[in-house]
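All remarks here apply to the structure that follows.
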């Protein structure tokens with residue numbers, strides 16, 4: 001296999017895990033120099049989607065390309081995304097409740113810094129997430145259902161009705177366990193969260 005074919009195989013392997021998207025840094029690691037990246041873009045093989053972000057032109061349309069692109073926005077100097085979609089956005093991703101968030105909620109480490117202003121569409125939350133709190137999706141990561149429910153309850157971000165709906169659906173679909181909810185309720189200062197959990201798990 002020639003170098004060109006190997007590079008194409010590498011970048012398509014990377015892109016297949018990210019809904020067809022990839023960063024210039026990933027392309028460089030796959031074997032594409034910056035001049036060759038420019039060539040791929042100019043010839044239409046790759047579509048430039050933002051600063052240092054490309055999409056393979058013939059890749060099947062992605063389900064949630066916005067989540068992949070904003071995940072890339074949060075990458076650190078090593079190219080690793082720091083943001084994890086959370087709160088109302090995570091509820092929507094997991095299809096828990098009828099919540100329809102206008103903004104994209106993202107949790108980042110407390111030390112997260114960007115030199116530019118945070119885009120208006122993003123609501124940034126700062127917290128240290130444990131690996132067990134995070135679920136990897138296709139090109140982005142999201143807080144798991146239990147952590148998501150705990151977060152929106154603690155932030156009082158949604159109505160009691162939507163919170164109850166999210167918990168009920170989580171239980172019905174086996175996404176959250178009764179024992180875990182009971183433990184979470186003991187640590188959560190939200191009185192209506194405690195009441196909802198008590199009514200659903202008793």
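Looking only at the chain, where both bridge partners belong to it, what percent of the DSSP beta bridges are antiparallel (to the nearest 5)?
Just about 70 percent of them are antiparallel.
Nearest 500 deg cm²/dmol is fine: what mean residue ellipticity at 222 nm does the chain get from its DSSP H runs of n ≥ 4 alone, each adding -39,500 (n - 2.57), divided by its residue count? Please report the intermediate quantities before stating the final value.
Details: 9 runs with 91 residues, N = 202.
The helix-only estimate for the chain comes to -13500 deg cm²/dmol at 222 nm.
Taking the beta-carbon count within 10 Å as an exposure proxy, list 121, 14 from fewest neighbours to most.
Values: 121 10, 14 17.
Going from sparsest to densest Cβ surroundings: 121, 14.
Spin-label point model (7 Å from Cα, Cβ direction): what's the residue 29 to residue 12 distance in nm?
With each label point 7 Å from Cα toward Cβ, the separation is 2.1 nm.
Quick check: pseudo-label points 7 Å beyond the Cα along Cα→Cβ at residue 138 and residue 66, how many nm apart are they?
It is 1.8 nm.
With a ≥ b ≥ c taken as the square roots of the eigenvalues of the C-alpha gyration tensor of region 35-85, please select rounded if a/c is under 1.5 and otherwise prolate if a/b is larger than b/c or oblate if it is not?
Details: a/c = 3.35, a/b = 1.42, b/c = 2.36.
Judged from the Cα gyration tensor, region 35-85 comes out oblate (a/c at least 1.5, b/c at or above a/b).
Once you put a point 7 Å from the Cα of residue 120 and another 7 Å from the Cα of residue 103, both along the Cβ direction, what distance in nm separates them?
Between residue 120 and residue 103, the label points sit 1.2 nm apart.
Using Cβ contacts closer than 10 Å as the measure, can you line up 32, 38 from fewest to most?
Values: 32 23, 38 14.
Ranking 32, 38 by Cβ neighbours within 10 Å, fewest first, gives 38, 32.
Mind sorting 34, 54 by how few other Cβ atoms lie within 10 Å of their own Cβ, fewest first?
Working: 34 10, 54 24.
Arranged by neighbour count, lowest to highest, 34, 54 become 34, 54.
Can you give me the orientation-averaged projected area of the convex hull built on the Cα atoms of region 1-94, in nm²? Kindly include the intermediate steps, with their values, before the conclusion.
On the way: hull surface 26.1 nm².
That works out to 6.5 nm², a quarter of the Cα hull's surface.
Top mean-square fluctuation among 36, 111, 92, Gaussian network model of the chain, C-alpha springs under 10 Å?
In the Gaussian network model the winner is 111.
Residues in region 10-49 near a label at residue 76, defined as backbone nitrogen under 18 Å from the 7 Å Cα→Cβ point?
25-26
Let me check against my output: what whole-number percent is the relative contact order of the chain, with C-alpha pairs under 8 Å and at least 6 apart?
On the way: 274 pairs, mean separation 31.1, N = 202.
Value for the chain: 15 percent.
For region 5-66, calculate the relative contact order in percent as a whole number, restricting contacts to Cα pairs under 8 Å that are 6 or more residues apart.
Details: 66 pairs, mean separation 21.7, N = 62.
Worked out over region 5-66, it gives 35 percent.
Taking the Cα atoms of region 3-56, report the difference between the largest and smallest coordinate on each principal axis, in whole Å and largest first.
25, 24, 18
Given contacts defined as C-alpha pairs under 8 Å and at least six residues apart, what's the relative contact order of region 1-108, whole-number percent? Walk me through the intermediate numbers first.
On the way: 123 pairs, mean separation 20.1, N = 108.
After rounding, I find 19 percent.
None of the figures in this text is laboratory data; all of them are computed from the coordinates on show. These numbers were taken from a predicted model, which means no experiment stands behind them. Because the Cβ atoms are built from the backbone with ideal geometry, glycine has one as well, and the counts that use them run over all protein chains shown.
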